[in-house]
Amino acid sequence: MLDSFKKELNTCQLADLHRLRKAVRRVQKAQKSGEEIEAPLKSLQLAIEKSQQACERRRNAIPSTISYPDHLPVSARAPEISDLLNRHQVLIVAGDTGSGKTTQLPKVCLQAGLGVRGLIGHTQPRRLAAISVANRIAEELGCEMGTGVGSQVRFSDNTSAESFLKLMTDGILLAEIQQDKFLNKYEVLIIDEAHERSLNIDFLLGFLKQLLKKRTDLKLIVTSATIDVEKFSKHFDGAPVVAVSGRTYPVET
């Protein structure tokens, strides 16, 4: 029975894995020593079912069909980005302003099967950007803001148990590290506007490089609007780079 429980852990929330694995080890130890394990087994089963239900709530909140606006350059690269994301732990996306990377990359993650066992975390340097991007993505996905798509900035948390995507400032993510140094509730992180090279972003990139070695189930996407993305790729041990063209409009005045 314990073997079947171990298999079921693969369908549980990432945030619960450490606690559930410890519970399995405790039951195994009790079994070897001849102790009564019926009550611990029942408790373990209930905990696994509760975690699976949380995943199911997020799965049900994700739209069954995901589409991309034809006029955005990144839309044409969505299949390639999804494939690279499945094969690599880290991906660097270089896209000029107007390429659509900020609003479409979370949708690519959803189509790649991410966002069920853990959150898709999407950082923005500024609070206004985090809120406006969250509203835009929620509108495109047909979700009610605060349910499937949520946002968190200082003094305001608009997320729920059904949230599969969380927009936030990089400062919020840094603050969460103090409470959870493994960022266990996230399945993928998108560090947007990395070219700004703020203190927060630089600290996050350094921290995440160390964390990825310990959390092999965590995916990371770093986006930059500059062509000098080789530094980011080199920092993450030669991570693949996808370059997307932007959209510019003629300025007459």
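The values are calculated or read from the model by the stated rules, or taken from the named source; none is laboratory data. No experiment lies behind these values; they were computed from the predicted model shown. When we count neighbours, we look across all protein chains shown, and the Cβ atoms used for this are built from the backbone with ideal geometry, even at glycine. Just the protein is used for accessible areas: all its heavy atoms, side chains included, with ligands, DNA and RNA removed. Shrake-Rupley method; radii C 1.70, N 1.55, O 1.52, S 1.80 Å.
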Please enumerate the residues belonging to segment 58-97 that are without any contact (Cβ under 8 Å) to a residue 24 or more places away in the chain and open to solvent by less than 80 Å² (accessible area, probe 1.4 Å). ASP83
Write out, first by first residue and then by second, each pair whose Cβ atoms fall under 7 Å of each other, whose residues are 6+ apart or on separate chains, and whose first residue, in segment 103-115, is without any contact (Cβ under 8 Å) to a residue 40 or more places away in the chain while the second is outside any helix (DSSP H, G or I). GLN104/TYR68; GLN104/LEU72
Applying the selection to segment 170-199, what residues are β-branched (Val, Ile, Thr) and either within 14 Å of the chain's Cα centre (by Cα) or within 19 Å of VAL108 (Cα to Cα) (or both)? VAL188, ILE190, ILE191
Could you name every one of the helices (runs of 4 or more DSSP H) located completely within segment 169-253 that has at least 3 residues being of a type in the set (Ser, Thr, Tyr)? none
Of everything in segment 195-224, what is over 16 Å from LEU174 (Cβ atoms), touching a residue at least 24 places away in the same chain (Cβ under 8 Å), open to solvent by 30 Å² or more (accessible area, probe 1.4 Å) and not acidic (Asp, Glu)? Give them in sequence order. HIS195, LYS214, THR216, LYS219
Scan of segment 11-37 for residues that are over 29 Å from ARG57 (Cβ atoms) and open to solvent by 100 Å² or more (accessible area, probe 1.4 Å), ordered by number: LYS29, GLN31, LYS32, GLU35, GLU36
